[in-house]
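Please treat every number below as a calculation from the coordinates, not as lab data. Everything quoted here is computed from the prediction, not taken from an experiment. Counting neighbours? That spans all protein chains shown, and the Cβs are built from the backbone with ideal geometry, glycine included.
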Amino acid sequence: MDEIKIAASILASDFARLGEQVAQAAAGGADYIHIDVMDGHFVPNITLGPVVVQSIRPHTSLPFDVHLMIDAPEHYVSEFVRAGADHLTVHVEACDHLHRVIEQIRGEGARPGVAINPHTPLVMLEEILPYVFEVNVMTVNPGFGGQKFIGTMLDKIERLRRMITDRGLDVDIEVDGGIERQSAPRCVRAGANVLIAGTSVFGTGGTIRENIARLRASALGDPRLPLKKQKAGARAPVAAAKQKTA
Ligand code: DX5
Ligand code: ZN
């Protein structure tokens, strides 16, 4: 199995001690620091901008995986890269000229990625896949931490992994939202290799180090039974919907 990476999402951290929390995640075994940027337009929440990214940059040498949940991200690409973003992900739903934005990110010297909302079909990614390093498959509706994992996204992850493999590409699949010890192994089995986790890293009982270790161990666990159960549960509404239209 490919190496599984854990991106600690600071949305669930203590913002009053952001630098410290980022350093703790790095010392505790995180591979990336995931930074959620929200504008109150693309998503119904507002978080932080380049100034904050810049202020936490000295606290770790881990790559910053910056997730832009903002409209017209092209206006901010250069500012976020200058502030310290290593990976810059934009939403397929937020870009009229996605290829141009992806090329802009690469031109600024960061690794371009694309994020896709739960309802958006994978066909929207077909032409852009060769240009990105990662796809962030949203496993909740973006905007807030602490939401419940959407089980039907497992099938989407599987199909995306197949699309990538069939095209002979090397693209990371990130999963973002509701990633904890139950959902993580299912996502990995479906083909994800980067687990983005906020609440299960910063917002649960153990220390950050313990939480990261538990999440990593769970991702490599035997997920057979939970996957079966999840699939049966997830498919029931589809069958019901078909009956409705028949
Ligand atoms: C949600 C963000 C996520 C969020 C995940 O819109 O993109 O990165 O921090 O939080 P949890 O892990 O709490 O679901
Ligand atoms: Zn995110």
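Note on the range 143-205: Kirkwood hydrodynamic radius from all Cα pairs is 12.2 Å, rounded to one decimal. For the range 1-95, the Kirkwood hydrodynamic radius from C-alpha pairs, put into Stokes-Einstein at 37 °C and a viscosity of 0.692 mPa s, yields a diffusion coefficient of 241 µm² per second. Taking every alpha-carbon pair under 8 Å whose residues sit at least 6 apart, the range 109-197 reaches a relative contact order of 29 percent.
At q = 0.07, 0.11, 0.18 Å⁻¹, work out log10 I(q)/I(0) for the chain with the Debye formula, treating every Cα as an identical point scatterer and leaving solvent out; two decimals please. So the normalised log intensities work out to -0.22, -0.54, -1.47.
Percent antiparallel among DSSP beta bridges with both residues in the chain, to the nearest 5?
If we restrict to bridges inside the chain, about 5 percent are antiparallel.
If the segment from residue 72 to residue 96 were pulled out straight at 0.36 nm per residue, it would be longer than the present Cα-Cα gap by 7.8 nm. Calculated on C-alpha atoms, the gyration radius of the range 93-137 divided by its Kirkwood radius gives an Rg/Rh of 0.94.
Efficiency by 1/(1 + (r/R0)^6): what FRET value for residue 165 and residue 15, r their Cβ-Cβ distance, R0 = 35 Å, to the nearest 0.05?
0.35
The convex hull drawn around the Cα atoms of the range 47-193, when projected onto a plane and averaged over every direction, covers 8.7 nm².
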